[in-house]
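Undergrad: I have a structure I would like to understand better, so I am pasting it below and will then ask my questions one at a time.
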Amino acid sequence: MGKRIFLALAFILFLLAGCSASNDSSEPSKNMEYAEGDGYEGGIGADTDDSSDDGGQAAPEESSDRKVMYNASVSLEVDDIGNSIDEVEKNVQDLNGYVVEVNFTSNNEQDYGSITLRIPTDSLTAFLDGLEEYSGKVIEKRVVGQDVTEEYVDLTSRLKAKRVVEERLLDLLSKAEKTEDLLRISNDLSVVQEEIEQVMGRMKYLDNKTEFAEVEMNFTDVSIPIPDVKRNEDLKTGEKIKKTFAASLNAITAFFSGLAVFLIGYSPILLLLAAAFFIVYIVVRRYSKKRDSKSE
């Protein structure tokens, strides 16, 4: 009985040893098959899938800082648009911001001005609270925010995944020996690098838009105009007389100057006309004398 049990245990151990040897021999064959394949098959979707190593899907990163783009619009009534714009530009420089555009328009009734500026988002509230420095009255104030945190996190994950793909392609490119493999890998690499540039460009745009708030300020001049009192020349009668006298002299001089130019310039024609008139006059006079003598 003991001998049978011993033989059964020996047979089981022999089977286990055979299975283990079979598994060990099959693993190297797989590795060898991968190493001695026909080469790079191309296509980013195959060996160059832009996913992370954790199951093929990049997990979005959580960020404690929110990415919000702010746009503000303000309408102000001021007594001096030029002075108000100068004060705004000075304050913006103190806040490490910058001016984008300045406009000024004027008509017969009122003056208008506008300025577009970018200031650090952290200083937006303080800047808007101090609007009374440039205005006697704030007509309208509007602030709009757009949260782009989710988009920014997604772009960050995409950039990391694209970087992984880029590293894989660079590694394959360094090991490729066939010309067709080099061309395929280079083409895929250029596509991935272009996508990386696009993602980085969008991220830089969002960084700038969230770090600096855009503010558009519109000014209306409400000062009371004094149309004619400021023009002192309208109140000086002597000056008016001098100007009128000079104007009349200029008119007389221009008349005689024009007459002299006419007489001298058209003198040949005038002489011919005078000679013709003189001949006609002589003929008419002689004819009149003959008629008078016959009537007598």
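Undergrad: How far apart, in nm, are the 7 Å Cα→Cβ label points at Val138 and Lys178?
TA: 7.0
Undergrad: For an R0 of 45 angstrom, estimate the FRET efficiency from the Cβ-Cβ distance between Val99 and Lys160 and round to the nearest 0.05.
TA: The formula returns an efficiency of 0.75 here.
Undergrad: Give me the Kirkwood hydrodynamic radius of segment 106-165, using the inverse of the mean 1/r over all pairs of distinct Cα atoms, in Å to one decimal.
TA: Values: mean 1/r = 0.0622 Å⁻¹.
With all distinct Cα pairs of segment 106-165 included, I get 16.1 Å.
Undergrad: Oh, and also: Assuming R0 = 45 Å, what is the FRET efficiency of Val191 and Gln146, from their Cβ-Cβ distance, to the nearest 0.05?
TA: Computed FRET efficiency for Val191 and Gln146: 0.90.
Undergrad: Would you mind computing, in nm to one decimal, how far apart the modelled labels at Ala251 and Gln198 are, each placed 7 Å from Cα along Cα→Cβ?
TA: 7.7
Undergrad: For Ser267 and Thr244 in the same chain, what is the full-extension length gain: residue separation times 0.36 nm, less their Cα-Cα distance, in nm?
TA: Contour length minus Cα-Cα distance gives 4.8 nm.
Undergrad: Here is a further query. Arrange the residues Asp207, Asp171 by how much accessible surface each exposes, largest first, with a 1.4 angstrom probe.
TA: Highest to lowest solvent-accessible surface, that is Asp171, Asp207.
Undergrad: Go ahead and run the numbers for FRET between Glu89 and Thr121, Cβ-Cβ distance against an R0 of 22 Å, rounding to 0.05.
TA: 0.70
Undergrad: What share of all Cα pairs of segment 68-148, in percent, falls into each consecutive 5 Å distance bin?
TA: Final binned percentages: 3, 13, 25, 27, 18, 8, 4, 1, 0, 0.
The values are calculated or read from the model by the stated rules, or taken from the named source; none is laboratory data. Please read all numbers here as calculations on a predicted model, not as lab measurements. Neighbour counts run over all protein chains shown; Cβ positions are idealised from the backbone, glycine included. With ligands, DNA and RNA removed, areas are computed over all heavy atoms of the protein, side chains included. Shrake-Rupley method; radii C 1.70, N 1.55, O 1.52, S 1.80 Å.
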